[in-house]
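These notes are about the structure you will find just below.
Taken together, the values in this text are just the output of simple stated rules run on the coordinates, not laboratory data. Values in this document were obtained by computation on a predicted structure and should not be read as measured data. Heads up, the Cβs are rebuilt from the backbone with ideal geometry, glycines too, and the neighbour counts pull from every protein chain shown.
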Amino acid sequence: MNTTINFPYLGFYLEHVGKSISVFGFEIAYYGIIMGCSILLGLCLAEREAKRTGQNPDTYTDLVIYAIVFSIICARAYYVIFSWDNYKNDLLSIFNLRQGGIAIYGAIIGAVLTVYGYSRIKKLSFPLLLDTACVGLVAGQILGRWGNFFNREAFGGYTDGIFAMQLPVSAVRAHEITEEMWAHVQMIGGEQFIQVHPTFLYESLWNLGVICFLYWYRTRKKFTGELFLMYLLFYGVGRIWIEGLRTDQLIIGHTGIPVSQLLAGVLILFSLLWILKGRTKKNNGEVHRQDEHQESD
């Protein structure tokens with residue numbers, strides 16, 4: 001397989017980008033290595049945020065162990081449910097994660113459910129845990145998306161823009177190549193290359209902006225849980241845009257509607273309404289306290 005990845009308009013020509021590294025004869029995928037590093041990065045940032053807010057950092061060390069398990073299960077289940085035609089005739093392949101096939105929104109759902117369960121068992125504040133963990137979550141997403149780079153996946157349709165990425169046809173899944181991409185296939189060194197949107201890069205950069213906003217906003221939030229809602233809001237906005245570019249969308253049945261775009265839209269609406277509700281409640285409480293103070297005077 002040709003291991004070249006080019007960004008011609010940026011002047012980057014990477015000739016030897018492998019998918020894995022061999023350790024004692026066992027192939028370890030770069031995707032897995034990056035996912036592991038993403039989890040560690042997210043945990044470190046969550047623990048730092050816990051210290052800043054007077055919480056026990058060990059809470060998040062324990063929490064992440066459970067979250068990893070349930071997030072992987074939910075991420076796989078999410079993908080399989082919306083790609084059922086690929087698995088219905090070979091059910092055992094559902095458990096073969098080495099073939100790929102997990103979805104970030106499924107992982108987020110699994111993580112939130114884990115946090116909720118953990119908060120109930122340990123009698124901790126669910127919104128506070130979410131606020132603390134979300135900075136680590138988005139940091140993990142920033143790094144984690146680069147696993148898609150090594151796997152030559154999660155790319156968009158044809159583009160001739162400055163960030164255009166060229167991939168060998170032999171290195172990608174055939175069903176992800178659209179007619180427009182075939183119409184613009186280029187011959188480089190005697191091999192066919194497609195030229196696409198590097199949507200993994202777009203999402204990584206978008207999330208970098210999201211985490212910068214969250215770090216700025218964390219001392220300005222009006223109620224506990226608002227920081228996580230802001231994460232859902234701004235990540236959702238980016239996901240709607242980026243998902244629309246991708247050629248590997250998970251579709252709801254035969255509707256033609258990408259499930260991640262629909263879910264992102266629902267979460268944006270939910271976040272906006274809940275933020276409005278929380279801020280209104282907070283403002284009403286402040287007005288009430290001011291009235292009581294004036295009456296006591």
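Relative to the longest principal axis of the Cα atoms of the chain, the long axis of helix 58-81 makes an angle of roughly 50 degrees. Close amide H pairs (under 5 Å, H built 1.01 Å from N) link Q192 with V169, residues at least 5 positions away or on another chain. Partners of K282 within straight-line reach, counting lysines whose Cα lies under 20 Å from its Cα and excluding those fewer than 8 residues away in the same chain: K221, K222.
Within the stretch 138-155, find all residues whose amide N lies under 17 Å from a label point positioned 7 Å from the Cα of I21 along Cα-to-beta-carbon. In the stretch 138-155, the label zone of I21 (backbone N under 17 Å from the point 7 Å along Cα→Cβ) covers 144, 146-151.
Counting helices only, and only those DSSP H runs with n ≥ 4, report the 222 nm mean residue ellipticity of the chain as the sum of -39,500 (n - 2.57) divided by its residues, in deg cm²/dmol to the nearest 500. After summing the helix terms and dividing by residue count, I get -19500 deg cm²/dmol.
Computed from label points 7 Å out along Cα-Cβ, the spacing between T255 and W84 is 1.4 nm. For the set K19/K123; K123/K281; K88/K277, the pairs lying more than 32 angstrom apart at their alpha carbons are K19/K123; K88/K277. In this simple spin-label approximation, A77 and S125 carry label points 7 Å from Cα along the Cα→Cβ vector, and these lie 2.9 nm apart.
Seen through its C-alpha gyration tensor, with square-root eigenvalues sorted a ≥ b ≥ c, the stretch 172-272 comes out oblate because a/c lies at 1.5 or above while a/b is not bigger than b/c. Of the trypsin sites (Lys or Arg not before Pro) in the stretch 73-109, the ones in a loop by DSSP (not H, G, I, E or B) with at most 13 other beta carbons within 10 Å are K88.
What the phi angles of the stretch 170-185 give under the Karplus curve with 6.51, -1.76 and 1.60, with θ = phi - 60°, is a coupling list of 5, 9, 10, 6, 4, 6, 8, 9, 7, 4, 5, 5, 5, 5, 10, 4 Hz, glycine and proline written as x. Across the stretch 13-19, rounded Karplus estimates of 3J(HN,Hα) from the backbone phi angles (6.51 cos²θ - 1.76 cosθ + 1.60, θ = phi - 60°) give 10, 9, 8, 10, 9, x, 9 Hz, Gly and Pro being marked x. The slack in the chain from L272 to L97, taken as 0.36 nm per residue of separation less the alpha-carbon distance, amounts to 59.5 nm. Straight-distance candidates among the lysines for linking to K122, with alpha-carbon spacing under 19 Å and chain neighbours fewer than 8 residues away dropped: K51.
Computed extension length for S170-Y215: 12.0 nm, one decimal, from 0.36 nm per residue of separation with the Cα-Cα distance subtracted. Look at (i) 16.0; (ii) 19.9; (iii) 16.8: the one that is mean projected area of the Cα convex hull in nm² derived from this structure is (ii). Its Kirkwood hydrodynamic radius, worked out from the mean inverse distance over all distinct Cα pairs, puts the stretch 1-142 at 17.3 Å.
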